[in-house]
Structures are given as structure tokens and as C-alpha cells.
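I have placed the structure first, in the form of C-alpha cells, so that the comments after it can refer back to it.
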Amino acid sequence: MALDAEIARLYQLPLADFTAERNALAKQAGPRAAEVKGLAKPPVAAWAVNQVYWQQRDVYDRLMEAAGDLRAAHAAVLSGKRADVRESGKAHEEAIDAALKAALAVLRETGQPATDATKQAIATTLRALPAAEAPGQLARVLQPGGFEMLAGLPVKQPSGRVATMPPPKPAPAAHAEKPAAKPRVDVEAERKAREALADAERAVRLAEQNVRREEFEAARATREAERAAKSLDAAREAVKEAEAALEAAEQAVEAANETQKTADKRARDAEAELESARTKVKTLRRPR
């Protein structure tokens, strides 16, 4: 158990420290040394998702709850029951958006690059959760599942019976013996199961199309938000420059007014001196 805790600690470390700490732990792992040595360093996107689990558990837990609710809604619909798949899907997307923002905040705080490709990888990984890996210990980027996500869910058949959604069939082995002919009852049951399977596959394809459309809209909204933020920054800078120019102009006007006042006073003084000089001249020119 102590070693498992140390392994979990590896995924909480700064990404640059992972390899060195893993190798050091492998030297102390005894019979599990090969297992520890084989632990892969997560890519940036997977590491960021791990940090949401370790640092913002409430955000991660809301995402897991929303994912479970969405799967339950799909299960209810496939079994012929009523369920609000749209509302569950909306809640799931909101939880994904919150987790994505949290992951990107981690990248900003740690100085990790957050390219468009990284953002997309984080979003698809969040959408694919929960995964087979232990929470907070992802070592790879995930992709949302397709039809495999519905394996094991009950599906209501046209007859009203409920069958379990079968897992995808493996490819047949080469030179396999030809199976014996199936009884008519089995053939009919298989036909109905295939019909239910086809309906489920169509539902999955529709859901995947909706997901891709929402991802595209989300990416476009992100780009528009970034452009708007840049425009806002530019506008704020322009306002600052305009305010500075206005202040300078007001100071210039005030200085000009003071200069004008001084000039007017000097002009009045000069006129008074001139009038005084004229009076003196007139006085001197009077005959005595």
C-alpha cells in the first residue's frame, strides 16, 4: 500500500520531475521494480487532467457524477424508459467546461504550454472519463468511446423483451471451423438482437455527431472569446492613451490660459506706461 501511495504521488509532481522520481522509486520498489520502471510519463494534457483530480477534487467529482448521469440516461432510453438525455448531456458539457478551465489554469500557473492542440486533447480526455486507469494517474490522452460505451447496457427489443447490449465481437480466427446451423429460434432472436444493435449504433453515431458539433462550437466560441479579449485589451489601452492625451491637452490649455493672462497684464501695463508717457509729452509741449 505504501508503494501504491508513492506511485500516486508521482502523478502529483511537476511534470519535469516525473522521470527522475519514478526511477528513484523503482530502485526502492523491490519485486515491483519493473512495474514502477515501466510507468510512462504523462503527456501535458493527461498531466493537467490528473492535477484537476489532485487539486480540485470537487470539479473532478462533478464531472464524474455528470458522466454517470449521462450514461444512466442513455441506458434508460435504450431500455425503453423515458429520460432527459439532452439535459444530462448539457450538464455533462458544463462539467467538462469547468474541468477544462481548471486544467488550463493549472497549465498557466505552472508555465506549461497551452496550445490549441493541448486544449483539444484535454477536452477529449475529460469527455472520455471515467477511464480504466486509477483517477489522477492518467498516463495517456483519452478519446471518447463510441459503441463500446454502451456495452453491458440493457436494450429493449421490438418484442418488448429486454436484452443486454453485447460487447463488440472479436474478429474470427483464420481457418476457423464452420459453425453448425443454428435453430430457427436462435436465428430469430439473433435477428432481433441485431436490429436492437443497429438502433443503438445509430443512436451512438447521432450522439457522436452532436459531440463533434458541440466541440466545434466550443472551439469557435473559444476563438471568438480570445479575439474579443484581445479587442477589449486594445480598447482599454486606447482609452488609457486617450485619457493621457486629454490630460496633457488640459494641462496645455491651462498653461496657455496662464500665459494669456500674463500677456494681457503686460499689455495693460504697457498701455498704461504709454498713456503716462503721452501725458508727460503733452505737458512738456505746452507753452510756458
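The values are calculated or read from the model by the stated rules, or taken from the named source; none is laboratory data. Computed from a prediction, not measured in an experiment: that's the story for all the values here. Neighbour counts are summed over all protein chains in view; Cβ atoms, including those assigned to glycine, are modelled from backbone coordinates with ideal geometry.
A count restricted to the range 59-80 and to residues that are more than 19 Å from the chain's Cα centre (by Cα) and either within 27 Å of Ala48 (Cα to Cα) or free of Cβ contacts under 8 Å to residues at least 40 places away in the same chain (or both) stands at 7.
Here's the yes/no breakdown for (1) free of Cβ contacts under 8 Å to residues at least 12 places away in the same chain; (2) among the basic types (Lys, Arg); (3) in a helix (DSSP H, G or I):
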residue	(1), (2), (3)
Ala238	yes, no, yes
Ala242	yes, no, yes
Leu246	yes, no, yes
Glu258	yes, no, yes
Thr262	yes, no, yes
Lys265	yes, yes, yes
Glu271	yes, no, yes
Lys280	yes, yes, yes
Pro287	yes, no, no
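The criterion of at least 3 residues that are under 24 Å from Leu197 (Cα atoms) and either modelled with pLDDT under 95 or assigned by TED's automatic domain parsing to the domain that holds Ala8 (or both) is met, among helices (runs of 4 or more DSSP H) falling completely within the range 49-150, by 57-78, 85-110.
If you go through the range 98-122 and keep only what is touching a Leu at 6+ places or on another chain (Cβ under 9 Å) and over 14 Å from Pro43 (Cβ atoms), you end up with Ala98, Ala99, Leu100, Thr110. Annotation for the range 23-40: no member residue is under 21 Å from the mean Cα position of the chain (by Cα) and not aliphatic (A, V, I, L, M). If you go through the range 17-36 one residue at a time, do you hit one that is in the same structural domain as Ala131 (by TED's automatic domain parsing) and of a type in the set (Gly, Ala, Ser)? No, the range 17-36 contains no residue that is in the same structural domain as Ala131 (by TED's automatic domain parsing) and of a type in the set (Gly, Ala, Ser). When Leu70 is tested against (1) surrounded by fewer than 17 Cβ atoms within 10 Å (Cβ to Cβ); (2) farther than 20 Å from Leu104 by Cα, just one condition goes unmet, and that condition is (1).
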